[in-house]
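Working notes, beginning with the structure itself.
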Amino acid sequence: MSTRKLDPHSAPAADSGDESWVADLLSGPRLPDPAALSALQAELQKAERPKKRWPILLAIPVGGLVVVAARAWLSDRSLWRIDMTHIGERLSWGIAGLALCALLAIAAAVHRGRKGFGLATKTLGSIALGLSALVAAIPLLLRGTTPQPALHTLGAPCATVVLTAGALTLAAAGYMFRRSQPVAAQARALVLGTAAAAWTGIIISLHCPAESTTHLMWGHSAPLLILVLFASLFLPRQIQP
Amino acid sequence: MTAIGWADRDLVAVFGASTVARYERAMFVPRKTAPEPAVPSPASESARAERTVSGPAPISHAHREAFDDAGACAAMLRYAQGDNSAFSDVYAQLAPRLHGFCVRLCAGGAEADDLLQETLLKLHRSRTAYRPDAHPLHWAFAIARCAYIDRLRRRKARPEVLGDGPSGLAANRSGSEPESELRAAQLRELVQSVLLSQPEAARTSYILVRLEGVSVADAAAILSASSDAIKQRVHRVAQALREQLQRRGLDVNP
């Protein structure tokens, strides 16, 4: 290896572009130790084999359905307490809005973005903020004046259903995206949380016929926002390598 | 690459060859005008060998320009589809550049080797998520940065002594080293200390753009920031380096 030194009196100017004479002098990056390579190969043999991720998409709504069905069975009530043959116009729009929010959030989460790294942090953050506000607001649009004495005033059972179903949905999303996002994991987790909240919002809106503002706010909307918060706290660790 | 983690080519990449030479001329005893012979003397060679990390012979600077994009992408695609035998190819393609990146992030030493190992393991575990339109080296850089940030967080939670920092290494140097290499080492330590004083995002932006030769657009994708933000970070770090060198009486443009 040459050890020719830099000669201040003969070195070309920095802006001349001619630094090829330095290239031979200087050492480049060093290969790691071959023994370390063997040790790493041995360790890699123990690592898990790749699994298919996309079938987990099916678990996203199924988890919520399971929770709602369990609740219906435990409380001896029907699964859908909405009359499915006469879904009102407001509820239809509400469910369509939540479905659109879920699809937009999932699209943002899986978008290839720049150079295959997905959308930037600011873009994801803005999408998560806007969509989660919509997801929280849409259930409040279903308020009405129909008296419903059988329903809990603050919607505590509904909050439990939302958080449980949402946790299963988040777990499915986390499993599907596990160790796959080296970039903007926090922002992407927020978007996934928004998607999970939107799916759960659809399920609870079909399951619970409540029209009281207090019930809808504390039993439906607030737990959906808590789901998004859970996602931002616990999901990044799952989805980054 | 020396134990501090900076090769002379990094200094040249930062400051330009004439600037590095001017610094040495301004700060230290003037050196000989005639260049030393190409064949190294046994004393200088052994002194260099003592300081450098043990292992196979270093790859020349031309390796960076010779990075085989097509080969790396092909190997990574096979690896992502579950072909374990492709790991050797992936390693051969990515490890030299990735190791250099880890060394610059961590200021060299054993921590860089640990970071490299951790990065390769994470790369293996996340290989099925690799997207063909992502450059495999940039993908590896992004994973290395993730692992490095995790280390920083763990270090904040549980501070531990990781061994000598750059100043410790300088203090342990013997007095019999060639003067020019000592001067270059001092310059490297200055640059490294300035970089370590910068926020991690700015430091990584600078390392990617100025030292790894990644384009601003690619660095913006790796760091999930806008191109303007990357440019501002690089400019800020360059400004900090310039100020430090101007304090030593050298007008430079890093």
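Somewhere in the stretch A:120-143, is a residue farther than 19 Å from residue A:96 by Cα and of a type in the set (Val, Ile, Thr)?
yes
Go through the stretch B:86-106 and report how many residues are open to solvent by 10 Å² or more (accessible area, probe 1.4 Å) and out of contact with any Phe, Trp or Tyr (no Cβ under 9 Å at 6 or more places or on another chain).
Summing the residues that are open to solvent by 10 Å² or more (accessible area, probe 1.4 Å) and out of contact with any Phe, Trp or Tyr (no Cβ under 9 Å at 6 or more places or on another chain) in the stretch B:86-106 gives 4.
If you check residue B:193 against the conditions, is it farther than 22 Å from residue A:118 by Cα, touching a Pro at 6+ places or on another chain (Cβ under 9 Å) and either modelled with pLDDT of 95 or more or more than 13 Å from every other protein chain (Cβ to nearest Cβ) (or both)?
Criteria met by residue B:193.
Kindly indicate whether residue A:130 is in a helix (DSSP H, G or I), under 18 Å from the mean Cα position of the chain (by Cα) and closer than 18 Å to residue A:67 by Cβ.
No.
Just one of B:220, B:201 is open to solvent by less than 10 Å² (accessible area, probe 1.4 Å), at pLDDT 85 or above and either over 18 Å from residue B:103 (Cβ atoms) or more than 19 Å from the chain's Cα centre (by Cα) (or both); which is it?
Only one candidate qualifies: B:220.
Would a scan of the stretch A:175-186 turn up a residue that is among the aromatic types (Phe, Trp, Tyr), open to solvent by 10 Å² or more (accessible area, probe 1.4 Å) and more than 26 Å from residue B:134 (Cβ to Cβ)?
Checked the stretch A:175-186: no residue is among the aromatic types (Phe, Trp, Tyr), open to solvent by 10 Å² or more (accessible area, probe 1.4 Å) and more than 26 Å from residue B:134 (Cβ to Cβ).
I need a count of the residues in the stretch A:118-159 that are surrounded by fewer than 19 Cβ atoms within 10 Å (Cβ to Cβ) and at pLDDT below 90.
The total comes to 16.
Which residues, counting only those in the stretch B:107-138, are more than 9 Å from chain A (Cβ to nearest Cβ), assigned to a helix (DSSP H, G or I) and touching a residue at least 40 places away in the same chain (Cβ under 8 Å)?
Hits for the stretch B:107-138 are B:110, B:111, B:112, B:136, B:137.
Can we say residue B:102 is more than 9 Å from chain A (Cβ to nearest Cβ) and in contact with an Asp or Glu (Cβ under 9 Å, 6 or more places away or on another chain)?
In short, yes.
Can we say residue A:110 is within 12 Å of residue A:195 (Cα to Cα), modelled with pLDDT under 90 and within 15 Å of the chain's Cα centre (by Cα)?
In short, yes.
Quick check on the stretch A:106-117: of everything there that is within 14 Å of another protein chain (Cβ to nearest Cβ) and free of Cβ contacts under 8 Å to residues at least 40 places away in the same chain, which residue is most open to solvent (accessible area, probe 1.4 Å)?
In this case the residue turns out to be A:112.
The values are calculated or read from the model by the stated rules, or taken from the named source; none is laboratory data. Bear in mind that the values here come from a model prediction, so they are computed numbers and not experimental data. Backbone-built Cβ (ideal geometry, glycine too); neighbour counts: all protein chains shown. Accessible surface is based on the protein model in full, side chains and every heavy atom, while ligands, DNA and RNA are left aside. Shrake-Rupley method; radii C 1.70, N 1.55, O 1.52, S 1.80 Å.
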